[in-house]
1. Does Ser307 satisfy the condition of being small (Gly, Ala, Ser), outside the structural domain of His203 (by TED's automatic domain parsing), touching a residue at least 12 places away in the same chain (Cβ under 8 Å) and farther than 24 Å from Asn212 by Cβ?
2. Among the numbered criteria (1) surrounded by fewer than 19 Cβ atoms within 10 Å (Cβ to Cβ); (2) of a type outside the set (D, E, K, R); (3) at pLDDT below 90; (4) not in a strand (DSSP E or B), which single criterion is violated by Gly164?
3. With the requirement that a residue be without any contact (Cβ under 8 Å) to a residue 40 or more places away in the chain and either under 22 Å from Arg274 (Cα atoms) or under 21 Å from the mean Cα position of the chain (by Cα) (or both), what does the range 102-145 give you?
4. Can you say whether Ala218 is of a type outside the set (Val, Ile, Thr) and surrounded by fewer than 17 Cβ atoms within 10 Å (Cβ to Cβ), as far as the supplied structure shows?
5. What is the residue count in the range 327-351 for residues that are in a strand (DSSP E or B) and surrounded by fewer than 20 Cβ atoms within 10 Å (Cβ to Cβ)?
6. Quick one: how many residues across the range 133-155 are surrounded by fewer than 17 Cβ atoms within 10 Å (Cβ to Cβ), on the phi < 0 side of the Ramachandran plot and either part of a loop (DSSP other than H, G, I, E, B) or not polar (S, T, N, Q) (or both)?
7. Would you pick out the residues in the range 304-326 that are part of a strand (DSSP E or B) and aliphatic (A, V, I, L, M)?
8. Can you spot a residue in the range 171-184 that is closer than 19 Å to Thr68 by Cβ and either loosely packed, with under 14 Cβ neighbours inside 10 Å or over 14 Å from the mean Cα position of the chain (by Cα) (or both)?
Amino acid sequence: MYIKTKQFFITYWPGLLAFIVFGWFLLQFNVQNNKKKLSLKYSQGQKPVISYGDAVDKASPAVVNIFTKTVIKNKYNPLLDDPALQRFFGILPPKEKKRIKNSLGAGVLVSNEGYILTSNHVIANADEIEVILQDGRSTLATVMGTDPGSDLAVLWIPLKNLTGITIGKANRFRTGDVVLAIGNPYGVGQTVTLGIISGIGRHHLGIANFENFIQTDAAINPGNSGGALVNTAGELIGINTAIFSETGGSHGIGFAIPVDLAMGIMSQIIQQGRVIRGWLGITADELDKLKAKRLKLSVNTGVVVSSVLEGGPAFKAGIKVGDIITQINKKHPTHSFKVLNLIANTRPGEKIIVGLYRKNQFIELVAIIGERPKQY
């Protein structure tokens with residue numbers, strides 16, 4: 001058998017070699033022909049598969065640039081600015097010195113009626129706010145209201161033929177989803193950056209009193225504040241508000257206010273002129289297993305009341321320092337920010353049932369929620 005096979009290859013090897021060479025050339029021809037066909041398709045207007053151009057085209061017209069001017073006057077000098085002293089010493093009154101502080105940021109047009117969401121710190125204390133649309137139109141904006149507690153502000157512009165951004169579904173996003181940040185970094189013009197959602201429900205960042213941020217690694221730089229965080233369908237899911245940075249530039253840790261929270265605040269500002277939040281009059285700290293063990297407690301989840309404002313709703317309900325709150329209306333908050341949000345989302349005047357442990361005994365108290373004062 002071996003001899004016959006060897007004789008076969010000796011006799012027919014030139015034909016086999018020619019067949020292999022011909023097959024190789026045929027394969028190369030097909031590869032090059034397919035490349036030409038693919039190039040021809042793209043040259044005739046077919047878009048590459050990996051592109052977020054449609055999302056940008058849909059969302060970017062609703063993202064506006066915001067320029068503010070603030071007049072800063074010199075502080076009063078009792079020696080130079082007092083008219084009596086000026087006359088006595090023959091000093092000519094100095095000319096009023098003032099300077100203009102310019103700032104920039106971004107905003108999101110969220111309705112066809114001209115309402116714009118932006119960050120409160122973008123427009124805080126501004127004497128003049130100019131809004132510039134992507135189509136080149138510009139106008140002065142009116143401040144409808146602000147909410148420093150969440151770092152949000154609502155503006156209104158008197159222009160027609162406006163198209164608001166599409167609002168994304170609340171809580172329809174997950175860690176790992178691709179997102180785009182649109183804004184005006186460093187005043188270079190509207191810019192789009194790409195990233196993913198790095199985390200959800202971020203809090204205790206010291207950015208605002210009420211924190212429930214989306215974290216993203218899409219580059220957010222100075223000037224991006226108030227801009228849009230959108231999904232790959234071009235729908236708004238957040239308002240960019242802050243970055244974590246040691247240099248002022250982007251380190252890949254940015255934060256956005258979720259769209260449902262932002263829209264709820266905007267609705268209150270438009271309808272009521274302000275944001276009304278519930279208030280209990282306490283401060284609280286998280287309770288973890290180590291703290292519970294050290295205090296010899298029978299529970300290891302909840303929040304420890306660290307202060308009670310005298311005369312406040314909690315004080316009137318009988319809540320005391322050291323109480324461990326484990327329930328609010330049968331819900332079980334495990335962090336102080338969750339307690340804060342549960343109370344804040346309760347309308348003033350409503351009753352809540354507070355379940356707590358005092359000296360390792362569980363008790364329930366009824367508290368009537370008050371309205372959160374501005375200073376808090």
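1. Judged against the criteria, Ser307 is not a match.
2. The one condition Gly164 does not meet is (3).
3. Within the range 102-145, Ser103, Asn120, Ala124, Leu140, Thr142, Val143 meet the criteria.
4. So Ala218 does not fit the description; no.
5. 3
6. 7
7. Matches in the range 304-326: Val304, Val305, Val308, Ile324, Ile325.
8. So far as the range 171-184 goes, yes, one or more of its residues are closer than 19 Å to Thr68 by Cβ and either loosely packed, with under 14 Cβ neighbours inside 10 Å or over 14 Å from the mean Cα position of the chain (by Cα) (or both).
The values are calculated or read from the model by the stated rules, or taken from the named source; none is laboratory data. Please read these numbers as outputs of a predicted model, since none were measured by experiment. Here the Cβ is made from the backbone with ideal geometry for all residues, glycine too, and neighbour counts use every protein chain on show.
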